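> Take this structure first; my questions come after.
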Amino acid sequence: MANELGPDTWARCADYLKSPLSKEYELSYERSGTMPKSPFAGEFQPKFLPPVGMEGTIQVYNMDVLNKDVNNGNQGTQMDAFGHFSYLEEPWTGSSELDTKKAKYFGGLSQNEVKPTKNSPLLKLGIESVPPIITTAILLDVRKHVFEGKSMKAGQYVTVEHLETTLESSGLKERGILPGDVVLINTGWSDNYQDPDEEGIYYSFAPGISYDTAKFLGSKKVVGVGLDTPFVDAVADPNSEIKFGVPENTPQNLGFPVHHFFLTQVGIYTLENLKLKELVKDQVEKSCVIILPLLSTGSAASPIRPVAIGKPKDL
């Protein structure tokens, strides 16, 4: 989908960039030792880790650390490289050693082409392959337009209907979603973001988008999708009395079906832990975004500092 980027998407940004009423919005949190921590992380020299399987699924993911047990790429406001996920033909049972020789990546690339040995960097599809993302962004505030201002709950899904309702109810009705857009979705889960992270709720579980929603956004040829959550997939709280069933049409044997679809099937970048509150407060539904990952050769993810430039609604 990054092929949609270029002069046309840059030109769409011009109105927002040249307006004297536009403001700059930081969409990332400050990275600190006391921010919410990913459950995959720990406490800087790149060390590339062996692929990790998900028992009972066909999904395999790659990660790397900067110091022992310290994952920098998948912390804070970040994005995944396409090489972060691969998949197998059959689910891994967990009863034997994970065999990734037949794993497939985006574009049909093989394990040998992407990560030939357990501890090698990504030879293809690493974060350094991500182009500078400079394009138009739209803000879909489902919290406001669907959930009457209430934050979505852990394990709850953003559906296609939710997005269509938001488009219909907002100032985006005529414009819609355009090829090359970045779509920003506000769920309200960021209410749980704390620094210092004393309660430890934010990274434990979260709402996310459904598989059908991912396919819908893929059909629109968007370049990236970002939420105010630690995952684009929904992760339920097993201890909650409120249960949200897995939506129909979700493929079997996928622990993170949206990651699978975006990163291995259609090539849409996942943007996680976005700070959308200021955009939401000023009702900036259309903006220009600039998203730059680190040029970290062979890495499966990177911290990012995305910036949105747009005009507050009341100016």
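The values are calculated or read from the model by the stated rules, or taken from the named source; none is laboratory data. Note that the coordinates shown come from a computational prediction; the quantities given were computed from them, not determined experimentally. All Cβ positions, glycine included, derive from the backbone under ideal geometry; neighbour counts span all protein chains shown.
> Please go through region 278-315 and pick out each residue that is assigned to a strand (DSSP E or B), more than 19 Å from TYR202 (Cβ to Cβ) and hydrophobic (A, V, I, L, M, F, W, C).
Those that are assigned to a strand (DSSP E or B), more than 19 Å from TYR202 (Cβ to Cβ) and hydrophobic (A, V, I, L, M, F, W, C): CYS288, VAL289, ILE290, ILE291, VAL307, ALA308, ILE309.
> While we're on this one: Cβ contacts < 6 Å: first residue more than 27 Å from ASN62 (Cβ to Cβ), restricted to region 126-150; second residue of a type in the set (Gly, Ala, Ser) and in a loop (DSSP other than H, G, I, E, B), any location; separation 6+ or different chain. Result?
Pairs found: ARG143/GLY188.
> Sticking with this structure for a sec: Scan region 176-194 for residues that are surrounded by 15 or more Cβ atoms within 10 Å (Cβ to Cβ) and in a loop (DSSP other than H, G, I, E, B) and jot them down.
Across region 176-194, the qualifying residues are ILE177, LEU178, PRO179, GLY180, ASP181, THR187, GLY188, TYR193.
> Let me ask another. Considering each residue of region 236-272, count those that are of a type in the set (A, V, I, L, M, F, W, C), under 27 Å from ALA2 (Cβ atoms) and in contact with a strand residue (DSSP E or B) (Cβ under 9 Å, 6 or more places away or on another chain), and give that number. Spell out the reasoning first.
Of all residues in region 236-272, those of a type in the set (A, V, I, L, M, F, W, C) come to 236, 242, 244, 246, 254, 256, 258, 261-263, 266, 268, 271.
In the following step, the residues that additionally are under 27 Å from ALA2 (Cβ atoms) were identified as 254, 256, 258, 261-263, 266, 268, 271.
From what's left, in contact with a strand residue (DSSP E or B) (Cβ under 9 Å, 6 or more places away or on another chain): 254, 256, 258, 262-263, 268, 271.
The number of residues fulfilling the criteria is 7.
> OK, next. Which residue out of LYS215, LYS275 is charged (D, E, K, R), part of a loop (DSSP other than H, G, I, E, B) and within 18 Å of the chain's Cα centre (by Cα)? It would help to see each step written out before you state the result.
Numbers: LYS215 fails: part of a loop (DSSP other than H, G, I, E, B).
The conditions single out LYS275.
> Right, GLN59: modelled with pLDDT of 80 or more and either within 26 Å of GLY126 (Cβ to Cβ) or in contact with a Ser or Thr (Cβ under 6 Å, 6 or more places away or on another chain) (or both) or not?
Taking the combined requirement at face value, the residue satisfies it.
Every residue, every condition in (1) of a type in the set (D, E, K, R); (2) surrounded by fewer than 23 Cβ atoms within 10 Å (Cβ to Cβ); (3) in a loop (DSSP other than H, G, I, E, B), yes or no:
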{"residue": "LEU123", "(1), (2), (3)": "no, yes, yes"}
{"residue": "GLU128", "(1), (2), (3)": "yes, yes, no"}
{"residue": "PRO131", "(1), (2), (3)": "no, yes, yes"}
{"residue": "ILE138", "(1), (2), (3)": "no, no, no"}
{"residue": "ARG143", "(1), (2), (3)": "yes, no, no"}
{"residue": "GLU161", "(1), (2), (3)": "yes, yes, no"}
{"residue": "GLU164", "(1), (2), (3)": "yes, yes, no"}
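> Answer yes or no as to whether PHE106 is touching a His at 6+ places or on another chain (Cβ under 7 Å), of a type outside the set (A, V, I, L, M), modelled with pLDDT of 85 or more and under 15 Å from HIS260 (Cα atoms).
In short, no.
> Further question on the same structure: When VAL114 is evaluated against the numbered criteria (1) surrounded by fewer than 19 Cβ atoms within 10 Å (Cβ to Cβ); (2) under 20 Å from THR297 (Cβ atoms); (3) among the β-branched types (Val, Ile, Thr); (4) in contact with a Gly (Cβ under 9 Å, 6 or more places away or on another chain), which criterion, by number, is the only one it fails?
(1)
> Please go through region 289-315 and give me each residue that is in contact with a Cys (Cβ under 8 Å, 6 or more places away or on another chain), over 14 Å from GLY226 (Cα atoms) and buried (at least 20 other Cβ atoms within 10 Å of the Cβ), ordered by number.
Hit for region 289-315 is GLY310, nothing else.
> Please identify the pairs in which a residue from region 289-315 that is more than 17 Å from VAL183 (Cβ to Cβ) and hydroxyl-bearing (Ser, Thr, Tyr) has its Cβ atom under 6 Å from the Cβ atom of a residue that is at pLDDT 90 or above and not in a loop (DSSP other than H, G, I, E, B), counting only partners at least 6 apart or on another chain.
Partner pairs satisfying both residue conditions: SER296/ILE127; SER296/SER302; THR297/GLU128; SER299/ILE127; SER302/ILE127; SER302/PRO293.
> Have a look at VAL232, VAL223, VAL266 and point out the one that is at pLDDT 95 or above, within 16 Å of ALA154 (Cα to Cα) and buried (at least 16 other Cβ atoms within 10 Å of the Cβ).
Criteria check complete, one pass: VAL232.
> Among the residues of region 145-159, which ones are among the aliphatic types (A, V, I, L, M) and outside any loop (DSSP other than H, G, I, E, B)?
VAL158, the sole residue that qualifies.
> A further question follows. Consider region 73-91. How many of its residues are part of a loop (DSSP other than H, G, I, E, B) and within 16 Å of the chain's Cα centre (by Cα)? Give the derivation first.
Of all residues in region 73-91, those part of a loop (DSSP other than H, G, I, E, B) come to 73-77, 81, 88-91.
Going one step further and asking which of them are within 16 Å of the chain's Cα centre (by Cα), we end up with 73-77, 81.
Of the residues in region 73-91, 6 are part of a loop (DSSP other than H, G, I, E, B) and within 16 Å of the chain's Cα centre (by Cα).
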